[in-house]
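The values are calculated or read from the model by the stated rules, or taken from the named source; none is laboratory data. Predicted model only: the values in this text are computed from it and were never measured. Cβ placement follows ideal geometry from the backbone for every residue including glycine, while neighbour counts extend to all protein chains displayed. Areas reflect the complete protein model, heavy atoms only, side chains present, ligands, DNA and RNA absent. Shrake-Rupley method; radii C 1.70, N 1.55, O 1.52, S 1.80 Å.
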Amino acid sequence: MKSTYCDYELRCLENDHINDEKETTTYCTQCDSVLRVFYDEVSDDIQYPIKDIVEDPLKTHPSALKKLDRLSKQYEADLYAKLEFEHPTGCFKDRGSYIEVQKALELKADAICLASTGNMAASVAAYACYFKIPCFVFVPEKTTDAKIAQATIYDANIIRIKGDFSTCEALCRKFAKSGNYYLAGDYVFREEGQKSFSYELIEQGGDDFDYIFIPVGCGTNFGAIAKGFDELKKSGRIDRIPQLIAIQPEQSSPVVEGIFKKKKIIKNQVNTMAQSVAASDPVDFYKVLLGIEETDGQAYTVTEDEILQSLKEMAIEEGHFTEPACALPLAAFKNNSNTFKGKKCLFVLTGSGLKDTKVVAKHSLSSPVLSPKLEKVINYINSGYIDMQKNSWGKSRDTFMANLKMDEDHERLYNNYVSNIQKKGKTLSNNEIEVLQSLVFNEELDLEYPAEVLDYKLTMRKHGLVQAAVKLNIKNEEVITKAKGVGPIDAILTAIKSETDNLFPLEVSNHEVEILSPDTDSLVVVTLTLTHGEQEWVSKGASPDTIEAAVQAFVKGLAIAMKSEVA
Ligand SMILES: *Cc1c(COP(=O)(O)O)cnc(C)c1O
Ligand SMILES: [Zn+2]
């Protein structure tokens, strides 16, 4: 894309105050409202506010403008998507970071800093890294490593702060002032980068859209796209601007609410699975309002369920796996399909689904782990689990488990587990239900149990030793056996083994204890590796009680070992 430079002014949106970029690149020094770049002349080429601009070194091609054939046919409209997840870091924000980082260099900043938990951090870090300027990313303590992995690989300095996002943002602003640091984020120069969306669309021949659907968080992207069109129109390159549509999740919709009240609204808290648009204080609200007024646009909200359904539909029908935020356009379109029938519509798909795979994991049942036997695989396929998995998308899991067709024997086994667990006063979480199911799917049904543990008692002794007394049923005879061990699992297994080794000697070569959800009464899975000479068996037990899970695993392991020995 050809670009030019000409002189410009930074003016605030509310009062037209003129600001100096050497003093501020964020808010107006007089009235604290947001700033915008105004160029002295119009131009046919895109204008960037940087004198010696370097062409985007990371971008290899314009993001694709793609017809959505199947959805168009189904909904009787001319539907397209602009695949903004094709940018180097998987998100449109690269358009803005490209300019922000070069502005930081032009202003001779010693470093860039920003507060972010997601896409913004990754994007600014990538460009800062390439242009070799240090980058400080302030993240709340609870941010997962996965989210900051992208920033980390680009050598950003990750600063973890006790507190939430707004704590980080406030601190980062102070940090920026403590040195010669450029504060990056949803500020004036980002918009100058992100407006290239509109120029690119026109170059791709997309100059006759009726509507453009844009997912909105802070509103910076919406404002930037509107500004791009406005400049294109003023320069005479286009004669009409598409109607711009702002969409937010119902549970995080200060912008949409504000549009109807014509004033900015700040929420205390917002909560949506579309994390990238969860902004409680939409800094660029007035740019969105202006864009909607100038293009005769619209604002819509969509529910969490509609987001899930559209997310899935876009993947299944058109092959695009996007972030939940990108499901907002299709969801809003579907809710108002009468308005848009026969119209040419563009959905802005802002970010890649690979950015947030947890959303998928959270809203679908995971697959149980099967042992590597053909028979297990076929049983599993016939069990109905897979259909249930597909139908479960976005629905409460508990309602589905009941429909699972296990064969009778497996069902009995599963119910045994559940009733034992419930006896201990515990209800199972979804995650625990899945693990149990997986365990049961793997269980061998025709096992004969040579030994059964009827009761046990553990007593603490000196030096960390534990004494175990176990009542066993071996071949229909009750025996009591005792042993000491280092720790309760060691003691009880040693006691059991002292009797069962007469039937079949086994060594416990490894044991693993997995606590599924680390709360007080969570389910524990114990995995034992048992050996006899060169042979090895793995066996699992599950219970809220670690000892009981270990005992289950051992007794079952003994049965499996003895069965395989006979065969
Ligand atoms: C940041 C972001 C948005 C929202 O953009 P705003 O400029 O904050 O309105 C939407 N989608 C994705 C994937 C994003 O990363
Ligand atoms: Zn001002």
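Short to long, the 10 Å bins of the Cα pair-distance histogram for region 367-441 hold 18, 53, 26, 3 percent of all pairs. For region 367-441, the solvent-accessible area of protein heavy atoms averages 58 Å² per residue (probe radius 1.4 Å; ligands and nucleic acids excluded). For the chain, report the % of Cα-Cα distances exceeding 44 Å. Cα-Cα pairs in the chain separated by more than 44 Å: 37 percent.
For each pair in 147/362; 82/341; 73/343; 51/108; 67/93, compute the distance between the two Cα atoms and list the pairs where it is over 18 Å. With Cα atoms farther than 18 Å apart: 82/341; 67/93. Please list, by residue number, every one of the trypsin sites (Lys or Arg not before Pro) in region 38-74 that is coil in DSSP and has at most 14 other beta-carbon atoms within 10 Å. Hits after loop and neighbour filter: 51.
The sum of -39500 (n - 2.57) across all DSSP H runs of n ≥ 4, divided by the residue count of the chain, sets its helix-only mean residue ellipticity at 222 nm to -11500 deg cm²/dmol.
Just want the answer: with Cβ charges of +1 for Lys and Arg and -1 for Asp and Glu, which residue in 544, 472, 487 is farthest toward the dipole's positive end in region 466-567? The listed residue farthest towards the positive side: 472. Of all lysines in the structure, the ones whose alpha carbon falls short of 22 Å from that of residue 462, not counting any fewer than 8 places away in one chain, are 482, 484.
For region 1-108, GluC sites (Glu not before Pro) meeting the loop criterion (DSSP other than H, G, I, E, B) and having at most 16 other Cβ atoms within 10 Å: 14, 23, 41, 55, 76. Taking the accessible area of region 161-314, probe 1.4 Å, and keeping the other protein chains in place, the carbon and sulfur fraction comes to 46%. Just need the relative contact order of the chain here, percent rounded to a whole number, with Cα pairs under 8 Å and 6+ apart. Computed value for the chain: 9 percent relative contact order.
The aspartates and glutamates whose alpha-carbon is closer than 18 Å to the alpha-carbon of residue 132, local same-chain residues fewer than 8 away aside, are 52, 55, 56, 94, 100, 106, 110, 155. Globularity index of region 451-566 is 1.04 (Cα radius of gyration / 2.2 N^0.38 Å, N = number of residues).
Under 20 Å Cα-Cα from residue 426, which lysines qualify once same-chain neighbours fewer than 8 residues away are excluded? Within the straight-line limit of under 20 Å, residue 426 reaches these lysines: 540. What the Cα atoms of region 294-444 give is an Rg and a Dmax of 20.3, 68 Å. Using a probe radius of 1.4 angstrom, the carbon and sulfur fraction of the accessible surface of region 451-566 is 51%.
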